[in-house]
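Colleague: My questions will all concern the structure given below.
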Amino acid sequence: MGNEYRIALAGNPNTGKSTLFNALTGLRQHTGNWAGKTVSLAQGNVQHKGKTFQLFDLPGTYSLFSNSTDEEVARNYIVFDKPDVTLVVLDATSMERNFNLALQVLEMTRNVVICINLIDEADKQGIVINERLLTNRLGVPVIKISARNKKGFPMLLDTIDRILTGAIECNPVQTTYPVEIEEQIKKIEPKVSELIGSHLSARWVSLRLLDGDETLLEELSKRFVQEGE
Amino acid sequence: MGIQQLYAEAQQLSTAKLRDDIVQQLYDRSNRLCKDGIIYSNSKRDTRTEKLDAIFTSPIFGFPIMLTMLGVLFYLTIAGANIPSSMLAEFFGSLEKYLTSFFELIRTPDWLHGMLVLGLYRGTTWVISVMLPPMAIFFPSFALLENYGYLPRVAFNMDRLFKRVGAHGKQSLTMAMGFGCNAAAVLSTRIIESPRERMLAILTNNFVPCNGRWGTLIVLASLFMAANFTGGLKSLITTGVIVGIVLFGIIVTFFVSWILSKTALKGIPSHYTLELPPYRKPKIFDTVIRSSITKSWSVLMRAVKVAAPAAILTWIFANVYIGDTSILMYAVEFLDPFGQLLGLDGYIMLAFILGLPANEIVLPILLMGYLSTGSLTEVDSLVDLKQIFLDHGWTWLTALNMMLFSLLHYPCGTTLLNIYKETKSKKWTFLSFLIPTVIAILVPLIITQTVRFFGWM
């Protein structure tokens, strides 16, 4: 069982997340292109180089704040169930809106692959994406694929594999906030670390506390404080 | 220091502006990344999508197009299903003769032959021959429309109406999902943020017919609704009836949403943006294969799997006598007066009660019940199926009432279970059972009594 790894798929609705999931796992899940089509975590396996990747298809969301049950499901999975790698699927034809989610994931967890889907559609519309520059700016691998036409899969699977073996190290570049916010984060972060240890990113939890995310608070007290006492 | 305390401290440090700044910073960074990392060489924007949307979501053409699409879909289903249906019926009919000879050869007792061949085999194969062809046409066509990106436009059109009855526009999406499966649709209401609007969506989802009920609706409509017509006209009228039934379900959805949002679930609808995805050329082969095989097949298998034990049970009930009446007839006679009041009968009521686990088995159970008291000998075509109904006193009114009851009645067991899991409330689960049941009783009751009062029947 030592070579089974959990891979989570996150992304906005309509980015082809479920198509990618089906294409990789060979599952014939019914997918439709509208918000919230994936209602519970679908799970399927991919074999690659002697490893088993267990893929978890998270509900499509625009953010990972506690706005709806869907967003909480996706966020809780990434933060508390700690997949070995999180794939964030972006739509190449509407990158700007999609990046928000990617940046949020980078604050939450370390091993992230940014997967730019619908790349042939983008080609048609004359959109050229410089994935090297994005990789440098984000500190994690950025890969172009087309899930519908199964393009870029070997590269994607290899990248996951190399993250797992440690050949690629992910160093997500954190979003820096205006000075005032950074100061507040500094005030709370040590106390957060003390309380939750190294289970989660103390910086991210501090940010959420400052943001007043009460459902996360409940989740935290459920999962950590009770056990600790 | 506890986490609560830490939260309180964080709240003191925080301001509304700080919260906005956090989100703003994420947007700014996204914007910079795109500016530096992406080149938009020619501004060949997707104007086709805009042009199509101007038509499909136009306030004038939106609804007529929607109805036409729905109509075309049903027409194709009904007109196209006839030939494969009778071919299947013939095939199963001839197979039955061999089965019977085989049972005679190995000298099985009569009751076993009756239970397995006349009950289980005949009932299930009739259901297969009438339900499989329509499903094999309907599901792939519906999936193609969905794949193309048309269904989110339907949601967009419906959104205007949902706002007006105090519900959330996203309810139209969860409703569309209900056409597939109400149990899954209840889970999909998670996309609705406000608990009030989510509850509305959960309580009314049942009023769109799911996979398990399409079969019943299409079969009854095609057998009874256009009896005096032939050919294309017949299919056209049948189509009209089904479109009408679906529309009626939608009207009930609006009505119930409106009532609830004025009473038990008061509040103002919240705003949201519905993103319309671009139209994408569907992967025709994949879609057709996937939806016809996985969907039609799984619906059918479910019907057969749940129907088989129910069929055997029904057969036993029909053949175990207390005094000179079988158990089945006791139940049927008990339910009959109530059923008659609704323009139905005791068998139909019993079929719906036994059909609680899954809607797919209502029609099979009904057939088994009728078969055990019927006197049909030969199985040749679908006409026999109608004959069975006619022998038990069916008219177009019975068919219409049964279709309405099927459309409106309580959700299936799985859906109820999901509602309980999602709401964690016995009260709301019970209401989601009660509201449809009351409506399902009232509507046929009113129709039947009106028809009888005016002597149309």
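No lab work stands behind these numbers, since they all come straight from the coordinates. Because the structure is predicted, anything quoted here is derived from the model rather than measured. Heads up, the Cβs are rebuilt from the backbone with ideal geometry, glycines too, and the neighbour counts pull from every protein chain shown.
Colleague: Per DSSP H run of at least 4 residues, take -39500 (n - 2.57); add these up for chain B, divide by its residues and hand me the 222 nm value, nearest 500 deg cm²/dmol.
Modeller: Values: 21 runs with 331 residues, N = 457.
Dividing the helical sum by the residues of chain B leaves -24000 deg cm²/dmol.
Colleague: Another one. Taking the mean number of other Cβ atoms within 10 Å as a proxy for protection, how do you rank A:88-95, B:80-87 from highest to lowest? Each step should come with its number before you reach the end.
Modeller: Numbers: A:88-95: 23.9, B:80-87: 16.8.
Put in order of decreasing packing, that is A:88-95, B:80-87.
Colleague: Of the beta bridges DSSP finds with both residues in the protein assembly as shown, what % are antiparallel, to the nearest 5?
Modeller: Values: 13 of 33 bridges.
Expressed as a percentage, antiparallel bridges in the protein assembly as shown total about 40.
Colleague: While we're looking at this one, here's another question. Under a plain spin-label model, where a point goes 7 Å from the Cα along Cα-to-Cβ, how far apart in nm are B:Ala8 and B:Asp391?
Modeller: The two pseudo-label positions are separated by 7.8 nm.
Colleague: Which parts of segment A:57-76 would a label at B:Ser298 reach, counting a residue when its backbone N lies under 19 Å from a point 7 Å out along Cα-to-Cβ?
Modeller: Only A:57-60 pass the distance filter.
Colleague: Using a cut-off of 14 Å between beta-carbons, work out the net charge of the residues near B:Tyr330 (Lys and Arg +1, Asp and Glu -1, B:Tyr330 not included). Write down the numbers at each step before the final one.
Modeller: Numbers: positive: none; negative: B:Asp324, B:Glu333, B:Asp336.
Charge balance in the 14 Å sphere: -3.
Colleague: Mind scanning A:Lys17/A:Lys124; A:Lys191/B:Lys35; B:Lys283/B:Lys386; A:Lys49/B:Lys283; A:Lys186/B:Lys17 and naming the pairs with a C-alpha gap bigger than 27 Å?
Modeller: Details: A:Lys17/A:Lys124 20 Å; A:Lys191/B:Lys35 37 Å; B:Lys283/B:Lys386 39 Å; A:Lys49/B:Lys283 30 Å; A:Lys186/B:Lys17 18 Å.
Beyond 27 Å between Cα atoms: A:Lys191/B:Lys35; B:Lys283/B:Lys386; A:Lys49/B:Lys283.
Colleague: Further, regarding this structure: Would you mind getting me the FRET efficiency between B:Thr450 and B:Glu50? Use the beta-carbon distance for r and R0 = 51 Å, nearest 0.05.
Modeller: Details: r = 48 Å, r/R0 = 0.95.
Given R0 = 51 Å and the Cβ-Cβ separation, E is 0.60.
Colleague: Ignoring everything except DSSP H segments at least 4 long, calculate the 222 nm mean residue ellipticity for chain A; use -39,500 (n - 2.57) per segment, divide by total residues, nearest 500.
Modeller: Numbers: 9 runs with 93 residues, N = 229.
Counting only the DSSP helices, I get -12000 deg cm²/dmol.
Colleague: Compute the distance from the alpha-carbon center of segment A:113-158 to that of segment B:109-186, in whole Å.
Modeller: Their Cα centres are 37 Å away from one another.
Colleague: Using only the Cα atoms of chain B, build the gyration tensor, take square roots of its eigenvalues as a ≥ b ≥ c, and label the shape rounded, prolate or oblate: rounded if a/c is under 1.5, else prolate if a/b is larger than b/c, else oblate. Present the calculation step by step, with values, prior to reporting the outcome.
Modeller: Values: a/c = 2.08, a/b = 1.74, b/c = 1.19.
Prolate is the answer for chain B, as a/c is 1.5 or above and a/b outweighs b/c.
Colleague: Using a simple spin-label model with points 7 Å from Cα along the Cα→Cβ vector, what separation in nm is obtained for B:Asp20 and B:Arg160?
Modeller: A separation of 3.3 nm, rounded to one decimal place.
Colleague: For chain A, modelled as a GNM with alpha-carbon contacts under 10 angstrom, which of A:Gln43, A:Gln104, A:Gln184 fluctuates the most?
Modeller: A:Gln184
Colleague: I need B:Asp345, A:Asp211, B:Asp159 ordered by Cβ neighbour count within 10 Å, fewest first. Could you put the intermediate results ahead of the total?
Modeller: Working: B:Asp345 25, A:Asp211 17, B:Asp159 20.
With the sparsest Cβ surroundings first, the list reads A:Asp211, B:Asp159, B:Asp345.
Colleague: Against the longest principal axis of chain A, how steep is helix A:153-165, in degrees 0 to 90 to the nearest 10, with axes from Cα atoms?
Modeller: 40
Colleague: Let me ask something additional. Please work out whether the protein assembly as shown counts as rounded, prolate or oblate from its C-alpha gyration tensor, where a ≥ b ≥ c are the square roots of the eigenvalues and a/c under 1.5 means rounded, while otherwise a/b larger than b/c means prolate and anything else oblate? Mind showing how you got there, number by number?
Modeller: Details: a/c = 2.03, a/b = 1.93, b/c = 1.05.
Because a/c hits 1.5 or more and a/b exceeds b/c, the protein assembly as shown counts as prolate.
Colleague: Another question, then. What ranking do B:Cys181, B:Cys34, A:Cys115 get, fewest neighbouring Cβ atoms within 10 angstrom at the top?
Modeller: Values: B:Cys181 23, B:Cys34 18, A:Cys115 28.
Ascending Cβ contact count within 10 Å gives the list B:Cys34, B:Cys181, A:Cys115.
Colleague: Here's a follow-up. Would you look at the GNM of chain A, springs on alpha carbons closer than 10 Å, and say which of A:Ala23, A:Ala202, A:Ala167 moves the most?
Modeller: Among A:Ala23, A:Ala202, A:Ala167, the largest GNM mean-square fluctuation belongs to A:Ala167.
Colleague: For segment A:83-229, would you read off the P(r) tail past 18 Å as a percentage of all alpha carbon pairs?
Modeller: Percent of Cα pairs beyond 18 Å in segment A:83-229: 63.
Colleague: Here's a follow-up. Could you list A:Arg110, A:Arg132 in order of exposure, starting from the residue whose Cβ has the fewest other Cβ atoms within 10 Å? Each step should come with its number before you reach the end.
Modeller: Details: A:Arg110 16, A:Arg132 10.
Fewest-to-most Cβ neighbours within 10 Å comes out as A:Arg132, A:Arg110.
Colleague: In addition: At 7 Å along the Cα-to-beta-carbon direction for both A:Asp120 and A:Lys151, put a label point, then send me their distance in nm to one decimal.
Modeller: My value for the distance between the label points is 0.6 nm.
Colleague: Can you tell me the FRET efficiency between A:Glu214 and B:Lys266 if r is taken as the Cβ-Cβ distance and R0 is 25 Å, rounded to the nearest 0.05?
Modeller: Values: r = 24 Å, r/R0 = 0.95.
Given R0 = 25 Å and the Cβ-Cβ separation, E is 0.55.
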